[in-house]
Amino acid sequence: MELIAFTVSVLIWGCFVVPNDGLDNGLARTPPMGWLNWERFRCITDCERYPDECVSEKLFMRTADRLVEDGYLALGYEYVIIDDCWMEMERDKDGRLVADRKRFPSGMKALADYIHERGLKFGIYEDYGTKTCAGYPGVLNHMEIDAQTFADWDVDFVKLDGCYSSVDSMAAGYTYFGKLLNETGRPMVYSCSWPVYQEVNGIMPDYEALQKTCNLWRNWGDIDDSWASVTSITKYFAENQDRIQPAAGPHHWNDPDMLIIGNFGLSLDQSKAQMAIWAVLAAPLLMSNDLDKIRPEFREILQNRDIIAVNQDPLGLQGRRVGYIHNIEVWVRPITPTWGINYSYAVAFVSHRTDGAPFTLNLDIKNLGLKSTMQYAVYDLYQPGNKTMFFVGKSSKLSVRVNPTGVVFFKFEALNPNFRSFRVA
């Protein structure tokens with residue numbers, strides 16, 4: 001894409017869309033953070049053969065311990081969420097869901113207590129259908145009793161999938177189940193999946209209804225453990241941002257799926273890129289990895305306080321891809337601090353190049369669409385210590401060198417109008 005086209009796309013972004021009012025159940029004021037087992041552990045249920053990987057109370061207890069002892073909870077990763085394959089194949093005689101008796105011998109209420117005692121919150125998975133995606137009982141025809149069961153188990157987060165159900169009934173069905181959750185009196189974050197099921201079947205989701213019903217929702221396909229999977233999701237978000245970006249905001253978020261950092265498929269640079277884009281997208285930060293075995297360099301990415309602060313920025317404005325030039329994406333998100341009409345910004349330069357050497361991108365600051373009339377202090381969010389790199393004005397030029405399939409992630413902090421610098425780049 002030529003620079004002229006890049007500039008035009010930025011000018012369109014200049015009037016970014018502030019999210020409409022939607023659901024305010026007091027939850028998910030910022031994107032939820034935590035840990036979810038699915039991408040890494042899938043539906044491994046053979047505890048004899050894979051004792052450290054099977055979906056069992058042992059896995060969730062040790063993960064809860066890791067979140068606390070290794071500092072994740074202190075940074076905001078507070079939810080421990082069980083995905084599919086936790087149930088018995090049959091309900092009990094009263095129609096209630098039953099946790100697998102071998103893998104969860106203490107039961108879900110006891111597991112919730114264990115998690116809560118450590119200052120964490122407990123999440124669980126179900127499906128708006130006759131069965132879950134893995135074939136376990138779904139909520140269809142049992143919605144009232146399942147909503148109350150989750151409340152009785154002290155659940156804090158419910159993820160509702162969409163297998164084995166009619167896409168035509170999803171909007172009404174998900175809305176009804178959300179109403180039932182609220183009526184229990186137990187505050188539960190509600191994660192919906194109906195947009196992705198409708199879109200792949202050619203139905204445009206009702207984002208106004210989503211905003212009023214769900215705290216977060218899956219827009220596109222499941223993430224797998226690969227850079228190709230990450231880029232397929234980010235491509236969807238970029239190509240559809242005009243219609244989905246306005247729907248995100250405090251209490252209701254677009255969800256590009258889990259963080260796969262620390263697993264098998266991403267390099268260190270690619271892991272940094274995923275973390276940066278998820279921060280710009282105001283995405284839920286739900287890790288899916290083995291916290292017992294994660295390497296320190298990947299843990300450092302997940303625990304980067306400055307990038308977490310971008311993700312959790314109180315303005316709640318989802319960023320956008322404003323340009324794609326020389327196979328390098330430019331993602332921009334308005335953040336605090338603000339001075340009147342002058343915003344600060346998080347800016348990620350994400351390379352899709354594979355030609356071996358880092359590539360240098362030369363840009364005018366004005367072509368990024370940054371609107372402050374004053375100067376910016378520019379920080380490299382992956383630089384240890386986060387020291388000020390340089391100051392720039394709106395007429396300055398910028399040179400960025402990005403590794404293949406890597407990222408450079410800057411914070412452009414709008415300076416107090418009373419501040420004057422003599423070091424403009």
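The values are calculated or read from the model by the stated rules, or taken from the named source; none is laboratory data. For clarity, every value in this text was computed on a predicted model and none was experimentally measured. Here Cβ is always computed from backbone atoms with ideal geometry, including for glycine, and neighbour counts include all displayed protein chains. With ligands, DNA and RNA removed, areas are computed over all heavy atoms of the protein, side chains included. Shrake-Rupley method; radii C 1.70, N 1.55, O 1.52, S 1.80 Å.
Applying the condition of being open to solvent by 20 Å² or more (accessible area, probe 1.4 Å) and of a type in the set (Phe, Trp, Tyr) to the stretch 220-254 and asking which residue is nearest to Met204 (Cα to Cα) yields Trp220. Looking only at residues of the stretch 373-384 that are assigned to a loop (DSSP other than H, G, I, E, B) and more than 25 Å from the chain's Cα centre (by Cα), we find that the one that is modelled with the highest pLDDT is Gln375.
Among residues of the stretch 368-393 that are touching a residue at least 60 places away in the same chain (Cβ under 8 Å), those with a beta-carbon under 8 Å from a residue that is surrounded by 20 or more Cβ atoms within 10 Å (Cβ to Cβ) and part of a loop (DSSP other than H, G, I, E, B) at least six positions away or on a different chain give the pairs Leu381/Asn304; Tyr382/Asn304.
When Arg305, Arg320, Arg295 are screened for being within 21 Å of Ala238 (Cα to Cα) and of a type in the set (Lys, Arg), only Arg320 passes.
Screening Gln211 on (1) in contact with a His (Cβ under 8 Å, 6 or more places away or on another chain); (2) open to solvent by 30 Å² or more (accessible area, probe 1.4 Å); (3) not hydrophobic (A, V, I, L, M, F, W, C) shows it passes everything except condition (2). Checking Val80, Val139 one by one, the residue that is among the aliphatic types (A, V, I, L, M), touching a Phe, Trp or Tyr at 6+ places or on another chain (Cβ under 7 Å) and over 22 Å from Ser288 (Cβ atoms) is Val139 and no other. Of the helices (runs of 4 or more DSSP H) lying entirely inside the stretch 255-372, those carrying at least 2 residues that are open to solvent by less than 20 Å² (accessible area, probe 1.4 Å) and β-branched (Val, Ile, Thr) are 268-280, 305-311.
Would you be able to say whether some residue in the stretch 396-404 is crowded, with 20+ Cβ neighbours inside 10 Å, free of Cβ contacts under 8 Å to residues at least 40 places away in the same chain and over 28 Å from the mean Cα position of the chain (by Cα)? No; the residues of the stretch 396-404 include none that is crowded, with 20+ Cβ neighbours inside 10 Å, free of Cβ contacts under 8 Å to residues at least 40 places away in the same chain and over 28 Å from the mean Cα position of the chain (by Cα). Run down Thr30, Thr45 and say which single residue is within 22 Å of the chain's Cα centre (by Cα) and of a type in the set (S, T, N, Q). Unique residue meeting the criteria: Thr30.
Filtering the stretch 146-159 to residues that are surrounded by fewer than 17 Cβ atoms within 10 Å (Cβ to Cβ) and among the aliphatic types (A, V, I, L, M) leaves nothing.
Any residue in the stretch 359-371 that is touching a Pro at 6+ places or on another chain (Cβ under 9 Å) and either of a type in the set (Val, Ile, Thr) or modelled with pLDDT of 95 or more (or both)? Yes, the stretch 359-371 contains a residue that is touching a Pro at 6+ places or on another chain (Cβ under 9 Å) and either of a type in the set (Val, Ile, Thr) or modelled with pLDDT of 95 or more (or both).
Among the listed residues Arg91, Arg49, Arg62, which satisfies the condition of being touching a His at 6+ places or on another chain (Cβ under 9 Å) and farther than 22 Å from Tyr190 by Cα? Every option except Arg91 fails the conditions. Quick check on Ile341: is it of a type in the set (A, V, I, L, M, F, W, C), out of contact with any strand residue (DSSP E or B) (no Cβ under 6 Å at 6 or more places or on another chain) and modelled with pLDDT under 95? When the stated conditions are applied, Ile341 passes them. Of the set (1) open to solvent by 20 Å² or more (accessible area, probe 1.4 Å); (2) under 16 Å from His252 (Cβ atoms); (3) in contact (Cβ under 8 Å) with a residue 40 or more places away in the chain, all apply to Thr175 but (3). For the stretch 42-60, the condition holds for no residue, the condition being that it is touching a residue at least 24 places away in the same chain (Cβ under 8 Å), open to solvent by less than 30 Å² (accessible area, probe 1.4 Å) and within 25 Å of Ala282 (Cβ to Cβ).
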